[in-house]
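Okay, so here's the structure we're looking at.
The values are calculated or read from the model by the stated rules, or taken from the named source; none is laboratory data. Owing to the predicted nature of the structure, the values given are computational and were not obtained by experimental measurement. Reconstructed Cβ throughout: ideal geometry from the backbone, glycine too, with neighbour counts over all protein chains shown. Note: accessible area is taken over every heavy atom of the protein model, side chains too, but ligands, DNA and RNA are not part of it. Shrake-Rupley method; radii C 1.70, N 1.55, O 1.52, S 1.80 Å.
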Amino acid sequence: MVRAAFNGLTVEDAIEKQLVSWGADPEHRRQLKDAEQAALQFRGRCFANSLIDTALIIDIFNRFIVNDPQLYAAQIGRYRHLLIDNVEEQTPVGVEFVRKLLAPGSPIETAVVAQDDGGGYKRFLSASPQLAKGLDTAADVSVRLTQNFNEADNVYQIAHQVNHFLLGTQPNGAEEQIRDSIVGHLHTRYRRQMLSQVGPVIKQMMAAENLEPSDFAIILPYMDGALRFKLTQSLNQSGLPYQINRRRESPREVPQVRAWLTWLLLANDWRDNTVDSDRFGLIKPSTHDIAEALSLSIQGLDAVRARMLADALYDQNAGIFNDRSLLTNQQIERMGEHHLDAVDTLVSWLNAHGNRSDNPLSPDFFFYGLFSEVLSHPPFQNRADTGLAEVCDWLIQMASRFRQAGDRVIDGSSESVGLALVQGIYSGLVTANPPAVGDPPDPDGVFISTIQTYLLEERPVPVQIWLETSATGWWDLPRQPLSNGFVLDPRWSINQTWTLEDDVRIRNEQLSRIVVGLCSRCSKGIFIATSDLDRRGARQDGPLFKAIQLFL
């Protein structure tokens, strides 16, 4: 729905356009039709309950405010000056809005619009750099800046070579410059070997070239948990600080969020037959949930003793803690009596404020009370924990929004609000502005980032390390069977079928654009790191590696 709105299409038009483009695959057509029905039902529910989702906000703005003279004058007429950067990352409706602002008769008196010819990295998210290029016709003065203050001439020859290989452009005949700009090549058979050597390689280059950790950026196509662990382990062992720039995790992937939801469920005897409690650990927390929550809530309680404590005291079938008098002296000694005292304090508070008590709290007040009265004090926390406060604040905001919208979406009771919140987080539906936990990144450390995030960050460095250069991830497009941003683009004909040639062409164009962007953000050289096999043991031989392998 949002992609359709970004491209100025209705849901029906967007589905029809994709049905034509993807051919006659019965399974795919059925999925698109199902998506259309779900989107229309969701939109109908919004209309029935006076709710506005993101797609509807975009549609209302474009159809009514932009196209209605009175509303447009009231909302836009008060502004006199326009300054917009990176217009190439705008969607089609965004570009058309900017074009309207620049048209004769607009209330805008002065405007500066900047675009990067090599940008448009969000094309798969409906960015339209080609439409943005046409905005210069509406300008009184068009200035083209060709000087780059970051790149070295040698480094940019790599981009020329990749363009030649992928797009068939003329070769530049700069083989020696390309070899000089590739400052090193690390090649191993297995990925874990490659990752373990990244730290020592950076350490060696720092000593040889008089560089600092912040002079390096490690760029990779994707960042799974195993890669992140092995890479950061290598940097830690080499004594190198680092900062990871990546998307925030889904709230359900944040252990502290799961821990707080566990205490909410433990405090309340909630039952919902529509939810598979065994699958998501809802209604009655599992023993694993309790152990995880205990280790995260009580200072100094390690995971092993937390599991022992949960196994010994928690009755998963009943969803309650048994009395500690059932423990043997040996168990008390192994778990620690001060830890058991903390559990007693926590359980007593939960029992006093859940729905089995005389003073039940709604979820938002529950989270506030749990933090302010229990978990922010010793023995649970011996010092201020900003990460814990972030989690508490986020959960309070989410619970409060659910409670305020309860009368329109659910019955508004604490049980319905709490269950909707827990189910929404565990199912991945509640994802807005997840809390930031853990140690803050070191601004003077090695910069670690995925490709698109690095390009949008605009962070030039002397040395870039292209990790897993032989992986096809550099060339891959996100799989978007229900919202292909390239097909939904207004320039894509309604009768045009998506072919293998289109797929390869767009992949090559995207990879070419990526390499140009990376080279323009590097002043000294590129270090190539490859492995024969990926994490699944499959051989890697991606297009980027093929384009530059003769120069390694």
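Couple of notes before you dig in:
- Within the stretch 79-89, the set of residues being open to solvent by 50 Å² or more (accessible area, probe 1.4 Å) and in contact with a Pro (Cβ under 8 Å, 6 or more places away or on another chain) comprises Tyr79, Arg80.
- Any hit, the stretch 442-452, residues being within 30 Å of Phe42 (Cβ to Cβ), part of a helix (DSSP H, G or I) and modelled with pLDDT of 85 or more: yes
- Filter result (farther than 10 Å from Leu482 by Cα and not hydrophobic (A, V, I, L, M, F, W, C)) within the stretch 4-28: Asn7, Gly8, Thr10, Glu12, Asp13, Glu16, Lys17, Ser21, Gly23, Asp25, Pro26, Glu27
- Inside the stretch 73-92, residues that are in contact with a helix residue (DSSP H, G or I) (Cβ under 7 Å, 6 or more places away or on another chain) and within 23 Å of Gly134 (Cα to Cα) make up a count of 7.
- Restricting the stretch 216-241 to residues that are touching a Pro at 6+ places or on another chain (Cβ under 7 Å) and touching a residue at least 40 places away in the same chain (Cβ under 8 Å), the residue that is farthest from Arg356 (Cα to Cα): Leu240
- Verdict on Glu176 being open to solvent by 80 Å² or more (accessible area, probe 1.4 Å), of a type outside the set (Ser, Thr, Tyr), over 26 Å from Arg536 (Cβ atoms) and free of Cβ contacts under 8 Å to residues at least 60 places away in the same chain: yes
- Residue within the stretch 222-235 that is within 15 Å of Phe545 (Cα to Cα), modelled with pLDDT of 90 or more and of a type outside the set (A, V, I, L, M) present: no
- Restricted to the stretch 1-22, and to residues there that are more than 27 Å from the chain's Cα centre (by Cα) and open to solvent by less than 20 Å² (accessible area, probe 1.4 Å), the residue that is farthest from Asp53 (Cα to Cα) is Ser21.
- Checked against the criterion of being open to solvent by 40 Å² or more (accessible area, probe 1.4 Å), closer than 25 Å to Val257 by Cα and under 21 Å from the mean Cα position of the chain (by Cα), the candidates Leu482, Leu456, Leu429 yield just one match: Leu429.
- Candidates Gln496, Gln549, filtered to the one that is touching a helix residue (DSSP H, G or I) at 6+ places or on another chain (Cβ under 7 Å) and either basic (Lys, Arg) or modelled with pLDDT under 90 (or both): Gln496
- Flag if Arg408 is open to solvent by 50 Å² or more (accessible area, probe 1.4 Å), at pLDDT below 85, part of a helix (DSSP H, G or I) and on the phi < 0 side of the Ramachandran plot: yes
- In the stretch 366-397, residue most open to solvent (accessible area, probe 1.4 Å) [restricted to those that are in contact (Cβ under 8 Å) with a residue 40 or more places away in the chain and over 19 Å from Ser295 (Cα atoms)]: Asp393
- Of all residues making up the stretch 90-142, the number that are open to solvent by less than 30 Å² (accessible area, probe 1.4 Å) and not hydrophobic (A, V, I, L, M, F, W, C): 12
- Restricting attention to the stretch 341-387, the residues that are among the small types (Gly, Ala, Ser), closer than 19 Å to Leu265 by Cβ and in a helix (DSSP H, G or I) total 3.
- Scope the stretch 143-173; condition assigned to a loop (DSSP other than H, G, I, E, B), among the polar types (S, T, N, Q) and surrounded by 10 or more Cβ atoms within 10 Å (Cβ to Cβ); matching residues: Asn148, Asn150, Thr169, Asn172
- Yes/no for Pro213 being within 24 Å of Val515 (Cα to Cα) and open to solvent by less than 30 Å² (accessible area, probe 1.4 Å): yes
- Matching residues in the stretch 459-479 - criterion: being open to solvent by 50 Å² or more (accessible area, probe 1.4 Å) and not in a loop (DSSP other than H, G, I, E, B): Thr472
- Answer residue from the stretch 285-340, given it is among the hydroxyl-bearing types (Ser, Thr, Tyr), assigned to a helix (DSSP H, G or I) and more than 24 Å from Ser372 (Cα to Cα) and is least open to solvent (accessible area, probe 1.4 Å) among those: Thr287
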